[in-house]
Amino acid sequence: MTSHLFRHSTVLSVPILALLAATGLAQSSFPTGTIRFVAPNSASTPPDIISRIISRELTESEGWRVIVENRPGGVTTIAASDVLNQPSDGNSLFAMSVPSVAAPSLVPKIAYDLSKDFDPVIKATVSYNVLVVNPSVPATTVAELVALLKSQPDKLTFSSGGFGTPAHLIGEQFKQQTGTRAQHVPYAQFSQAIGDLLNGTNTFQFITVLPVVDLIKTGKLRALAVTGPKRVPALPDVPTIIEAGYPSLVVEDWTGFAVKHGTPKETVARLNAAINKALQKRSVQEALAKIGAEPAGGTPEQFGRMVGDQVAHWYQIVSGAGIKVE
């Protein structure tokens, strides 16, 4: 749970990258076969969709054979272990997101150490959640929801797609930073979680923007705030959590990629450069926008620092909430 995450990673300087490109060294040894994006989520979830968008572009632009394999379960530990069971050749990439960095805090006796066993490649995308309530809830602002929860401690509920999901973790952060108490209700299926929010069984939920835009616009759900630092185009009338008076509740929902530690630094650089290039393509950006995500990009070093910070952050939230997933 320290900022030393990915401490073994090395970022190549621009001159070295140029030399590799000129000599063809980076390209000559990679890839050695099919590249696998191992998504720790089921099909049609954001990390899965993002992996598929990027894999298609890499197939077209780089001529690589790239596939996406879904390994859901274990708060992303099944997918992580899958990658660690492969050679350190860069042909298997772990599609990481918020649950990946919370897993070391959530899962007792986790079988790997993120700081030793993985090297970062790139932060690919960023997106934000929206705080929604059932219209019957007597709260039209975040402050009013906080007051309502404080008036009925442990009597109201918030829902999520399961333990360790972003909706769960953000909900726990919300409770801790607002001094409120509410019961968490996890669901195995997104449709069930939304259904019980719509029928008033649960009080509120933090959820990705795209699936609920129409429900908000038609008045079936009420949006109180988005968790980003700026308003989102799909919901221009919904204030940010900063505007609502809670700047400490700005939370990114992100997706990035890592490889098994020991992968040659030239291979990491090659993957980083190819994905950065893919994220600059208009077609990729448009596809990401359809699911409410924005391209991020950057260096392995930047991604490693961010993930280290995220591990420390979610450790504080998880330990504060006393959550453990068996």
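The single condition among (1) over 30 Å from Asp82 (Cα atoms); (2) assigned to a loop (DSSP other than H, G, I, E, B) that Ser248 does not meet is (2).
Give the number of residues within region 169-207 that are small (Gly, Ala, Ser), surrounded by fewer than 19 Cβ atoms within 10 Å (Cβ to Cβ) and closer than 23 Å to Val107 by Cα.
Step one: list which residues in region 169-207 are small (Gly, Ala, Ser), which gives 171, 179, 182, 188, 191, 193, 195, 200.
Next cut, surrounded by fewer than 19 Cβ atoms within 10 Å (Cβ to Cβ) only: 179, 188, 191, 195, 200.
Now restrict to residues that are closer than 23 Å to Val107 by Cα: 188.
Of the residues in region 169-207, 1 are small (Gly, Ala, Ser), surrounded by fewer than 19 Cβ atoms within 10 Å (Cβ to Cβ) and closer than 23 Å to Val107 by Cα.
For region 76-95, a residue qualifies if it is buried (at least 22 other Cβ atoms within 10 Å of the Cβ) and part of a helix (DSSP H, G or I), and the qualifying residues are Thr76, Thr77, Ala79, Ala80, Val83. For region 96-118, a tally of residues being crowded, with 18+ Cβ neighbours inside 10 Å, in contact with an Asp or Glu (Cβ under 8 Å, 6 or more places away or on another chain) and not in a helix (DSSP H, G or I) returns 1. Against the numbered list (1) surrounded by fewer than 23 Cβ atoms within 10 Å (Cβ to Cβ); (2) within 23 Å of Thr141 (Cβ to Cβ), Pro166 comes up short only at (1).
For the condition modelled with pLDDT under 95 and touching a helix residue (DSSP H, G or I) at 6+ places or on another chain (Cβ under 8 Å), what is the one hit in Pro211, Pro233?
Values: Pro233 fails: touching a helix residue (DSSP H, G or I) at 6+ places or on another chain (Cβ under 8 Å).
Being modelled with pLDDT under 95 and touching a helix residue (DSSP H, G or I) at 6+ places or on another chain (Cβ under 8 Å) holds for just one of Pro211, Pro233, which is Pro211.
For (1) closer than 20 Å to Ser51 by Cβ; (2) modelled with pLDDT of 95 or more; (3) crowded, with 18+ Cβ neighbours inside 10 Å, each residue gets a yes or a no:
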residue	(1), (2), (3)
Ile241	no, yes, yes
Pro264	no, yes, no
Leu271	yes, yes, yes
Ile275	yes, yes, yes
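Checking every residue in region 51-65 against the condition of being farther than 20 Å from Leu279 by Cα and modelled with pLDDT of 95 or more gives zero matches.
For region 179-214, filtering for residues that are touching a residue at least 40 places away in the same chain (Cβ under 8 Å), more than 23 Å from the chain's Cα centre (by Cα) and assigned to a helix (DSSP H, G or I) leaves 1.
Out of all the residues in region 246-266, is one or more polar (S, T, N, Q), without any contact (Cβ under 8 Å) to a residue 24 or more places away in the chain and outside the structural domain of Ala223 (by TED's automatic domain parsing)? Working first, answer last.
At the first step, the residues of region 246-266 found to be polar (S, T, N, Q) are 248, 255, 263.
Adding the requirement that they be without any contact (Cβ under 8 Å) to a residue 24 or more places away in the chain leaves none.
No, because not a single residue in region 246-266 is polar (S, T, N, Q), without any contact (Cβ under 8 Å) to a residue 24 or more places away in the chain and outside the structural domain of Ala223 (by TED's automatic domain parsing).
The values are calculated or read from the model by the stated rules, or taken from the named source; none is laboratory data. Keep in mind that this is a model prediction, so the values were computed, not measured. Cβ: placed from backbone, ideal geometry, glycine included. Neighbour counts: every protein chain shown.
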